[in-house]
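No value in this document is a laboratory result; all are computed from the given coordinates. All values derive from a computational prediction rather than experimental measurement. Because the Cβ atoms are built from the backbone with ideal geometry, glycine has one as well, and the counts that use them run over all protein chains shown.
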Amino acid sequence: MGRVVGIDLGTTYSAVAVLGDDGLPEILKNADGEPTTPSVVLFQSFDGKDEPLVGTMAKHSAASDPDNVVQFVKRQMGNPDWRFDSDSGVSYSAEEVSSLIIKKLLQDAEQALGEEVCGAVITVPAYFDDARRTATKQAGVIAGTKVLRVLNEPTAAALSFGLDTEKNGVTLVYDLGGGTFDVTLLKIEDGCFTVIGTDGDRNLGGFDFDNALMSFVAEELSKQGAGNVLDDYLISAELREKCEMVKRTLSNVPKANLHISKNGKPYRVAISREDFERASRSLLNRTQELVEDVLEDTGYSWGQIDHVVLVGGSTRMPMVHKLIEDISGMKPELGVNPDEAVAMGAAVQAAIEMESSIDVAGSAENGLPDMPLFTAPSVVIADVTSQPLGVVMLGKDGKDYNNVVIPRNSPVPGSYSQDAATVSENQSYVDVQVTQGDDPDLNYVVIIGSKEIPLPPGLPKGSPVRVVYEYDREQTVHIRLHAGGSGQLYGEFEIDRVANMDERQLDTAVNKMKNIEIG
Ligand code: AMP
């Protein structure tokens, strides 16, 4: 027997929640009694062996021991070129570092629950592509848990907010976290969550607001004769930590001081909320642009929006509330905890997954408990794609171009197709190249998978073929090539995830990480 949990695996902070015996989601505090855990790993080496530390203590070490600390690893998920080399000479992938964070979250959750955790729903930003979603699932597997599914963060936030029928209507979720910004529009109707559109910037979050404040402070320090403190690696790391604290302080009070010393000389910078807001104005404006883009893309106006939900720690900044009020004329919903909503929604989904797997598979062979502890709410989620997918086609001018098959914001799960024709007599194969991006020019899109699918002999030039892209609910893509219409199946494949580990590499990673103890 065990419980299933929801995990918000954030860029800067993570959280875990469970559906309580009363059927309501609740946050599980970590071993330090905190509701969120910094997504930071300190690699300590003892006798040539790594004993990583995850959480608050690791975050504090970022200033004193920056070389051995990994932060913001979420930005590297699905990037096979990123590695962290520890002092013990071990090289870790982003999935492996993330698995340490997940392991710590699960350890603490089990301690809080007094029970084993047997499965988890892990959330991902809506704009995460196939490779990043797969990398997140793999991180869960490496951590030794059963990943019930990955769920989009804004959908999870809406789940925690919208189960109450009073919340029916069109909701805009504005999610400004530590490293990412997401905006999502969805319709909530008696337990049906239909995503209408989503957009975001994966490199826009609290971290960037910290950077803006750091630049402001560095300039002030330079005026006081401290030179360029950002040139100094250790002072920079210390300044980053202090600026984050000042930023948080300025959410509550209008002025704050920052003290720092260089070459034994103390300096003080007085910072007002206005100074900070001025220094970071362009970042806030960027979020406004993305909100307006989503409204424009989906054909909605503010008059049609019933609720605005703020998610992510950075929405505590008063300028975010003011922005929403200025552009929408509405006050954001109160009663949603921006740090906890995503994990709580994931916990609801985890309970639903557990119940349906019991309905379907019946028992513990699934690794899940054989009895539900309560009735999970009845919820239907219809999400949309965040990445346009296309196929390389031959243009009339004889040049290859990107032909979009699934535009962004198309409903998932779903099946989409593109008709084409063979270009030569007795053509022996079709090279199906799957693109990500909406520009017709292949220089501005990424080829995320390809396969040469053989054709039967003797087809005349111009024989119709149909490429079918099928998105499952977790936004994994399956591709098929048929004869014209929905005729004979010529071949099929899943995207060759060059960015992800294959089965063998995953097994190796599971074994490598299994015996690493974390603090
Ligand atoms: P999340 O990843 O959603 O937990 O968001 C974490 C981000 O929220 C970090 O960049 C924090 O610095 C930021 N944050 C947390 N609390 C506050 C606050 N009171 N004011 C401003 N930013 C905050």
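To the nearest 10 degrees, how steeply does helix 503-514 sit against the main Cα axis of the chain, on a 0 to 90 scale? With both axes taken from Cα atoms, the answer is about 20 degrees. Per-residue Karplus couplings for the range 253-264, computed as 6.51 cos²θ - 1.76 cosθ + 1.60 with θ equal to phi - 60°, are listed in order as 10, x, 9, 8, 10, 10, 10, 8, 10, 9, 6, x Hz, Gly and Pro entered as x. Taking the DSSP beta bridges with both ends in the chain, the antiparallel portion is around 80 percent. For helix 341-361, report the angle its Cα long axis makes with the longest principal axis of the Cα atoms of the chain; keep it between 0 and 90° and round to the nearest 10°. Here the helix axis deviates by roughly 40 degrees.
If the segment from S417 to I447 were pulled out straight at 0.36 nm per residue, it would be longer than the present Cα-Cα gap by 9.0 nm.
Note down the relative contact order for the range 187-300 as a percent, whole number, built from C-alpha pairs under 8 angstrom at least six residues apart.
28
Which value results when the Cα radius of gyration for the range 206-279 is divided by 2.2 N^0.38 Å? Please report the intermediate quantities before stating the final value.
Working: Rg = 11.3 Å, N = 74, 2.2 N^0.38 = 11.3 Å.
My calculation over the Cα atoms of the range 206-279 gives 1.00.
Taking all Cα pairs closer than 8 Å and separated by 6 or more residues, the relative contact order of the chain comes to 16 percent. Each residue of the range 198-212 was assigned a 3J(HN,Hα) from its phi angle through the Karplus curve 6.51 cos²θ - 1.76 cosθ + 1.60 (θ = phi - 60°); the sequence is 8, 8, x, 9, 7, 10, 9, x, x, 4, 6, 5, 4, 4, 4 Hz, with glycine and proline shown as x. Note: relative contact order over the range 72-200, using C-alpha pairs below 8 Å and six or more positions apart, is 19 percent. Local charge for Q349 was computed over the other residues whose Cβ lies under 13 Å away, with Lys and Arg +1 and Asp and Glu -1, and equals -4. Put a plus charge on the Cβ of each Lys and Arg, a minus charge on the Cβ of each Asp and Glu, and nothing anywhere else: the dipole of the chain about its Cα centre is then about 940 debye.
Dipole of the range 385-487 computed with +1 at Lys/Arg Cβ and -1 at Asp/Glu Cβ about the Cα centre; of A421, V405, V445, farthest Cα towards the positive end is A421. Helix 130-142 axis versus longest C-alpha principal axis of the chain: approximately 70°, rounded to the nearest ten.
Any idea what the dipole of the range 385-487 comes to, in debye rounded to 20, about its Cα centre with Lys/Arg Cβ at +1 and Asp/Glu Cβ at -1?
Values: 8 positive and 12 negative charges, 42 e Å.
Result for the range 385-487 is approximately 200 debye, rounded to the nearest 20.
The alpha carbon radius of gyration of the chain, expressed as a multiple of 2.2 N^0.38 Å, is 1.04. Taking the alpha carbon gyration tensor of the range 22-161, multiplying each eigenvalue by 5 and rooting it gives semi-axes of 25, 19, 14 Å, largest first. Sorted largest first, the principal axis extents computed over the alpha-carbon atoms of the range 102-145 equal 36, 18, 14 Å.
Calculate the FRET efficiency for L489 and K396 from the Cβ-Cβ distance with a Förster distance of 25 Å, rounded to the nearest 0.05.
So, using R0 = 25 Å, E works out to roughly 0.30.
Straight Cα distances below 27 angstrom link K461 to the lysines K396, K399, K451, with same-chain residues fewer than 8 positions distant left out.
Stretched out straight at 0.36 nm per residue, the stretch from K167 to S45 would grow longer than its current Cα-Cα span by 38.9 nm.
Projecting the Cα atoms of Q433, Y469, L489 onto the charge dipole of the range 385-497 (Cβ charges, centred on the Cα centre) puts L489 farthest toward the positive pole. Find the percent of Cα-Cα distances in the range 215-369 that exceed 23 Å, and round it to a whole number. Beyond 23 Å sits 58 percent of the P(r) for the range 215-369. May I ask you to work out the translational diffusion coefficient for the range 385-487 at 25 °C, viscosity 0.890 mPa s, via Stokes-Einstein with Rh from the Kirkwood sum over Cα pairs, reported in whole µm²/s? Answer from the Stokes-Einstein relation: 174 µm²/s.
Run the helix sum for the chain: -39,500 (n - 2.57) per DSSP H stretch of 4+ residues, divided by residue count, reported at 222 nm to the nearest 500 deg cm²/dmol.
After summing the helix terms and dividing by the residues of the chain, the value is -10000 deg cm²/dmol.
Simple point charges give the picture: +1 on the Cβ of Lys and Arg, -1 on the Cβ of Asp and Glu, and for the range 206-279 a dipole about the Cα centre of about 300 debye.
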